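Notes follow the structure.
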Amino acid sequence: MSDLPVLKGVLVLLACQLVGELVVRLFGLDVPGPVVGMVVFLVVLRVRRPRPSSGLVRGPSLLLRHLQLLFVPAGVGVIDYLDVARDHALPLAAGLWLSWALGLAATGGVVAGLLRLRDRSGR
Amino acid sequence: MIPLVGWHPHETWDWLTSSPLFGLTLTVSAYALGRWAHRRTGNPVLQPVLVAVVVVGGVLLLTDVSYDDYLRGGSFVGFWLGPATVALALPLHHEWHLVRRAAVPLLTGIVAGALVSICSAVLVTRVTGGSRLLQLTMAPKAATTPVSIALSDQVGGIPELTAVLTIVAGITGAVAGPWLLDLLRVRDPRARGLALGAASHGIGTSRALQESRVEGAFSALSMALSALATSVLVPVVLLVL
C-alpha cells in the first residue's frame, strides 16, 4: 500500500485545525482552535463517509495510536514545579485527586443512571 | 601541524543540549520504552505517557538540562496535539448513531460533571489550606490544556501551574480511571468514556481508546463538550465560591 493516503490524511487534519484556529480568532470565540477543527473534520467525515483504506481514516488513526506520546513534553513541565509541589503538597494533592475522582464519579454516575432509567422505561 | 582529530566533550555537550535533536530523541525513546513496558508487563498502571514523563523528567534533572532547552526538541512533538485533537472526530464519526441517541443523558452528565469538578477543586483546595491563588489555579484543571491555561489566566490563577495540574489529572485518569469506574460499578462503555473525557480530557481519551472504540468516541466528545462547559462555568462558580 502506498503511503500517499496517510499524507493526505495528515494534510486534512492540519487544514481543519487551521480553519478552526482562524474561525476562533476571527469571531473572538473562547474555544480552542483544535476543538473547532474537530467539528470541521467531523463534518468532512459525515459528508465524505471515507472507506477504512482512505487516508482520511489512516492518517488520523496513526496519530490517535500514539496520542500519549504527544502529551509527554507538556507533562515534563512538572520538573519546574517540584518546589511548589513540595511547599503546598496537601492542598495540591487533595484538591487535584479528590476533585478528579468526584468529577469522574459524577459524570459516570449521572450518565449511567440516566441511560439505565431510559432503557428500563423501554421507549 | 594541524591535528586531524581532537577531543571536545564540553563543546559537544553544549551542542547536544541546545539542539532540538536532544529533546526529540529523548521524548520518542522514553515513549517507546513506556510502550514496551506496558506491553511486556500488561500492567495498566504503566501507561506509556507516565513512564515517558518520569524518564524524561529524571534525565533532565540528572543532566541539569532546563525545561526550556528540552522544549527546543520537545515542542516538535507537542505541536501534533492540535492535529490529534482534530483527529478525535474519527471515533466520533464511527459511533455517531450511538452518540445521537444518548444526547440528553450525555449533556446532563457533562454539565453535572463540570460543576462537581470545579466546585470540589476550589473547596477541597481551600479546606486543606490552599491560598485563593491556588484555588483559582486548580478550578479549571479538568478541561483540556489549551482551555484550562486560558481560563486560569482569565480568572487570575497561575497558568503554567494549571497546565501541570491538568496533565497530572489526565495521567491519573489514564492510570486509575478505569479502576475507579470498576469500583463504582459504572460498566456502560458510553458512561465510562464520558467520565474519562470529562475528568481527564485527551489523556483519559487515550486510555478509553485502549478499552474500546465506543468508549473512545464518547470520551473524545466528552473532552470537547467539557472544555466548553468548563469555560462557561468556571467564571460563574468563582463568583459564588
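Please treat every number below as a calculation from the coordinates, not as lab data. Computed from a prediction, not measured in an experiment: that's the story for all the values here. Cβ atoms come from the backbone with ideal geometry, glycine included; neighbour counts cover every protein chain shown.
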Counting other Cβ atoms within 10 Å, keep those with at most 15, restrict to DSSP loop, and tell me which trypsin sites (Lys or Arg not before Pro) in segment B:151-241 are left. B:R185, B:R187
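Compute for the protein assembly as shown: radius of gyration divided by Kirkwood radius, i.e. Rg/Rh, restricted to C-alpha atoms, rounded to two decimals.
Values: Rg = 21.0 Å, Rh = 21.0 Å.
Using Cα coordinates only, the ratio equals 1.00.
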Which Cα, out of A:P34, B:G173, A:L117, lies furthest along the positive dipole direction of the protein assembly as shown (beta carbon charges, K/R +1, D/E -1)? A:L117
Give me the three principal axis extents of chain A from the C-alpha atoms, as integers in angstrom, largest value leading. 53, 51, 38
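Are there chymotrypsin sites (Phe, Trp or Tyr not before Pro) in segment A:1-88 that DSSP puts in a loop and that have at most 12 other Cβ atoms within 10 Å, and which ones? Show your work: numbers first, answer last.
Values: sites: A:F27, A:F41, A:F71, A:Y81; in loops: A:F27.
Qualifying residues, ordered by number: A:F27.
Within a 10 angstrom radius of the beta carbon, how do B:I110, B:I171, A:I79 rank from fewest other beta carbons to most? Write out the running numbers ahead of the final one.
Details: B:I110 27, B:I171 23, A:I79 18.
Sorted ascending by nearby Cβ count, the order is A:I79, B:I171, B:I110.
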List, in order, the whole-Hz ³J(HN,Hα) value for each residue of segment B:167-183 obtained from phi through the Karplus relation with A = 6.51, B = -1.76, C = 1.60 and θ = phi - 60°; use x for Gly and Pro. 5, 5, 4, x, 4, 4, x, 5, 7, 10, x, x, 4, 5, 5, 4, 4
Given the options B:L180, B:L196, B:L151, which has the most mean-square fluctuation in a GNM of chain B, springs set between C-alpha atoms less than 10 angstrom apart? B:L180
A:V43/B:R72 FRET efficiency (R0 41 Å; Cβ-Cβ; nearest 0.05): 0.70
To the nearest 20 Debye, how big is the dipole of the protein assembly as shown about its Cα centre, given +1 on the beta carbon of each Lys and Arg and -1 on that of each Asp and Glu? 1960
Return the sequence-ordered ³J(HN,Hα) values of segment A:19-35 in whole Hz as given by the Karplus equation 6.51 cos²θ - 1.76 cosθ + 1.60 applied to θ = phi - 60°, using x for Gly and Pro. 4, x, 4, 5, 4, 4, 6, 4, 9, x, 7, 8, 10, x, x, x, 5
Pairs of Cα atoms under 8 Å, at least six residues apart: use those to get the relative contact order of segment B:166-241, whole percent. 29
Taking the Cα centre of segment B:9-79 as origin and charging only Cβ (+1 Lys, Arg; -1 Asp, Glu), how large is the dipole, in debye to the nearest 20? 540
Show me, for segment A:7-13, the HN-Hα J-couplings you get by feeding each phi into the Karplus relation (A = 6.51, B = -1.76, C = 1.60, θ = phi - 60°), rounded to Hz, glycine and proline as x. 4, 4, x, 5, 4, 4, 4
The protein assembly as shown, helix-only ellipticity at 222 nm - DSSP H runs n ≥ 4, -39,500 (n - 2.57), divided by all residues, nearest 500: -27000 deg cm²/dmol
Farthest positive-ward along the protein assembly as shown dipole, Cα basis, beta-carbon charges - from B:A112, A:Q68, B:L239: B:A112
Mind checking which of B:A89, B:L61, B:H10 is farthest towards the positive end of chain B's charge dipole, using Cβ charges of +1 (Lys, Arg) and -1 (Asp, Glu) about the Cα centre? B:A89
Beyond 22 Å, the calculated P(r) of segment B:85-240 holds a percent of Cα-Cα pairs equal to 36
